1. Being in the same structural domain as Lys31 (by TED's automatic domain parsing) and among the small types (Gly, Ala, Ser) narrows it down to one residue among Ala139, Ala83, Ala125; which is it?
2. Identify, by number, the condition in (1) under 18 Å from Ala42 (Cα atoms); (2) part of a loop (DSSP other than H, G, I, E, B); (3) under 20 Å from the mean Cα position of the chain (by Cα) that Asp135 doesn't meet.
3. Scan segment 98-126 for residues that are within 16 Å of the ligand (Cβ to nearest atom) and in a helix (DSSP H, G or I) and report the count.
4. Which of the residues that make up segment 166-218 are in a helix (DSSP H, G or I), farther than 30 Å from His119 by Cα and not β-branched (Val, Ile, Thr)?
5. If you check Glu44, Glu53, which single one turns out to be among the acidic types (Asp, Glu) and under 16 Å from the mean Cα position of the chain (by Cα)?
6. Whether any residue in segment 181-195 is under 17 Å from Lys38 (Cβ atoms) and touching a Leu at 6+ places or on another chain (Cβ under 8 Å) is what I want to check.
7. Do we have any residue at all in segment 42-51 that's touching a helix residue (DSSP H, G or I) at 6+ places or on another chain (Cβ under 6 Å), within 22 Å of Ile209 (Cα to Cα) and either small (Gly, Ala, Ser) or within 16 Å of the ligand (Cβ to nearest atom) (or both)?
8. Give me the residue from segment 59-91 that is outside any helix (DSSP H, G or I) and among the acidic types (Asp, Glu) and, out of that set, surrounded by the most Cβ atoms within 10 Å (Cβ to Cβ).
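The values are calculated or read from the model by the stated rules, or taken from the named source; none is laboratory data. This is a predicted model, so every value here is computed, not measured. When we count neighbours, we look across all protein chains shown, and the Cβ atoms used for this are built from the backbone with ideal geometry, even at glycine.
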Amino acid sequence: MTKHLLSLDQTTKSKVPVAHKEVQRTLWGTKKSPYVRKVLIALEEKKGPYKLEEILPANLLKATNQKIPEVFLKISPFGKIPAYQEISRADPKEFSITESSVIMDYLNETIEETPLRPHDSKENARVSWFMTYGDNVVAAATYKIFFETLVKPNFLKEKTDTSLVDTVFKEELPVVLDFLERTLADHRAWIADTKNFSLADITIATHLITLSTTGLNLDETIGEKRPNLLKYMRKILKRPSVRKALG
Ligand SMILES: N[C@@H](CCC(=O)N[C@@H](CS)C(=O)NCC(=O)O)C(=O)O
């Protein structure tokens, strides 16, 4: 691999990026899903042309008496979204994969534009840590609100468990928001203290954006007592990739 490519691709030095026109990328899912949003932002950052194949996860298709396309289950065996599918001219065998973080890492490795992981191993480990924290802890709180207030009444025709939502607001969410505020108070540019926007920022921001997709005002939910987190989220919401993914 040439020096030029090494400097572009920060983590996997054995992968050679493929020209965009050689690859057809399809993302299966809906923009309402936080996990699909992660991949959409990554695709927009990487400027890799792609098609969004609008679909609900299999459990919601079933709940709303809609047919589950067989092709979707081939790409996503458990019927989850996002699912990613790629056909490249160099290798006509179709490639497909699920799990938002796995897809984002794959895109980051194979599209050279805008690296979303730092070169430094320690910084990169911190990016992975915040990605895990985002999916396991931030999303544990925000997804409950999303599921209870949006998915249950609109798709499953079930009642929202308001006491669960209250508990998340009173107990779970403040702990998460306070931790993020303390982290950002350290004068860092980005959440994982990297020079550039990274997969960690995509993950953390995406799960917080979920709150606004349920009708909440994100600024008010974060609150004035968390000025660093407010500033961070406003900066992220101005990014063209994020605006496009939300649009
Ligand atoms: N860990 C997965 C989570 C994906 C996920 O749970 N997606 C939801 C939609 S937001 C889904 O497909 N739910 C259907 C199900 O759990 O069967 C990822 O990061 O991609």
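1. Ala83
2. (2)
3. 9
4. The first filter runs over segment 166-218 and keeps only residues in a helix (DSSP H, G or I), leaving 166-184, 199-213, 218.
The next check asks that each one be farther than 30 Å from His119 by Cα; those that pass are 166-175, 211-213, 218.
Once the filter is applied, which keeps residues that are in a helix (DSSP H, G or I), farther than 30 Å from His119 by Cα and not β-branched (Val, Ile, Thr), segment 166-218 yields Asp166, Phe169, Lys170, Glu171, Glu172, Leu173, Pro174, Leu211, Ser212, Leu218.
5. Details: Glu53 fails: under 16 Å from the mean Cα position of the chain (by Cα).
The conditions single out Glu44.
6. Scanning segment 181-195, I find at least one residue that is under 17 Å from Lys38 (Cβ atoms) and touching a Leu at 6+ places or on another chain (Cβ under 8 Å), so the answer is yes.
7. There is at least one residue in segment 42-51 that is touching a helix residue (DSSP H, G or I) at 6+ places or on another chain (Cβ under 6 Å), within 22 Å of Ile209 (Cα to Cα) and either small (Gly, Ala, Ser) or within 16 Å of the ligand (Cβ to nearest atom) (or both).
8. So, considering only residues that are outside any helix (DSSP H, G or I) and among the acidic types (Asp, Glu), the one surrounded by the most Cβ atoms within 10 Å (Cβ to Cβ) is Glu86.
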